[in-house]
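The values are calculated or read from the model by the stated rules, or taken from the named source; none is laboratory data. Given the structure is predicted, the values throughout are model-derived calculations rather than measurements. Heads up, the Cβs are rebuilt from the backbone with ideal geometry, glycines too, and the neighbour counts pull from every protein chain shown.
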Amino acid sequence: MINVKEILYQMKQGATAPYLCIGDNDKKYVIKRQRAGFEGCIKKWLLGKLGQSFGLPIPDCQLVNIDGSLLEYNDIYLSEIGEGTAFASEFITDLQEVNYQKLDDASVDILQDLYVFDYWIRNADRNLTEQGGNPNLFYKQSNLDLIVLDHNLAFDNDFLKQEHSELHACKRFWPAQFDFESQQRYEERMINSLQHWDDLISKIPNDWKVETTGFDGFINELKLILDEYKTNLFWEELND
């Protein structure tokens, strides 16, 4: 496991107290732990890896160790990070959040993939209209490549398909007709992504499990949601 050797500073963007750190591999990571909530960290870990397997441009996700010596004499670090294992996303420089017009320059394939992925994981936290929103979607200013961030609010029990189809940042790039061959391709990608599920669960740190009420039931609930792709209703609502 990567060990954090230095905590640099708190990032300006994000309500879950992300911190920029340097690992003992000399790479920079944005880490989240205590203030982000352990259920949130679990979601970010699982969905970051699933999203990468699905084919989305998500920064490399790692589990990193925070030694208590890094937190000494700093009450903020103690309360917002805490000693133990943290979720880490590799730091990408030169990022700019997309706006409504900028999406016209992006890859339509990636935008459609993201629309399906967020529907699959019930993520209502990627909205954007001409009036603005919170897309949690960025691009590198140097080459315009898209970067997808943030899944800690996924598996939303109040997720509404109608809102997804009206407000999602990528809705206007979704085709009016979704053919059976496209459905099969997405099903194959979901199956492939879920092949790694048990391995990802096995790597969830014990300190996260202990702090998650009813951990086994929580994980089972997430898997039940992901398995809804096996139903006809899942695809019918996506195609409405």
Taking region 70-98 as the search range and keeping residues that are touching a residue at least 60 places away in the same chain (Cβ under 8 Å) and part of a loop (DSSP other than H, G, I, E, B), which one is nearest to Ile42 (Cα to Cα)?
Ile81
Given the conditions (1) modelled with pLDDT of 95 or more; (2) on the phi < 0 side of the Ramachandran plot, and given that Lys102 satisfies all but one, which numbered condition is not satisfied?
(1)
Residue list for region 164-205, restricted to those being part of a helix (DSSP H, G or I), of a type in the set (A, V, I, L, M) and either free of Cβ contacts under 8 Å to residues at least 12 places away in the same chain or at positive phi (or both)
Ile191
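Among the listed residues Ile219, Ile147, which satisfies the condition of being at pLDDT 95 or above, closer than 19 Å to Leu47 by Cβ and part of a strand (DSSP E or B)?
Matching residue, one of Ile219, Ile147: Ile147.
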From the set of residues in region 23-68 that are part of a helix (DSSP H, G or I) and among the charged types (D, E, K, R), which is nearest to Ser193 (Cα to Cα)?
Lys49
Any residue at all in region 23-44 that is farther than 30 Å from Arg185 by Cα, touching a residue at least 24 places away in the same chain (Cβ under 8 Å), of a type in the set (Val, Ile, Thr) and not assigned by TED's automatic domain parsing to the domain that holds Asp125?
yes
When both residues are 6+ apart or on different chains and their Cβ atoms are under 6 Å apart, which pairs have a first residue that lies in region 149-161 and is among the acidic types (Asp, Glu), and a second that is assigned to a loop (DSSP other than H, G, I, E, B)?
Asp150/Asn136; Asp156/Arg122; Asp156/Ala124
Does Asp75 satisfy the condition of being over 21 Å from Ala154 (Cα atoms), at pLDDT 95 or above and not assigned by TED's automatic domain parsing to the domain that holds Asp125?
no
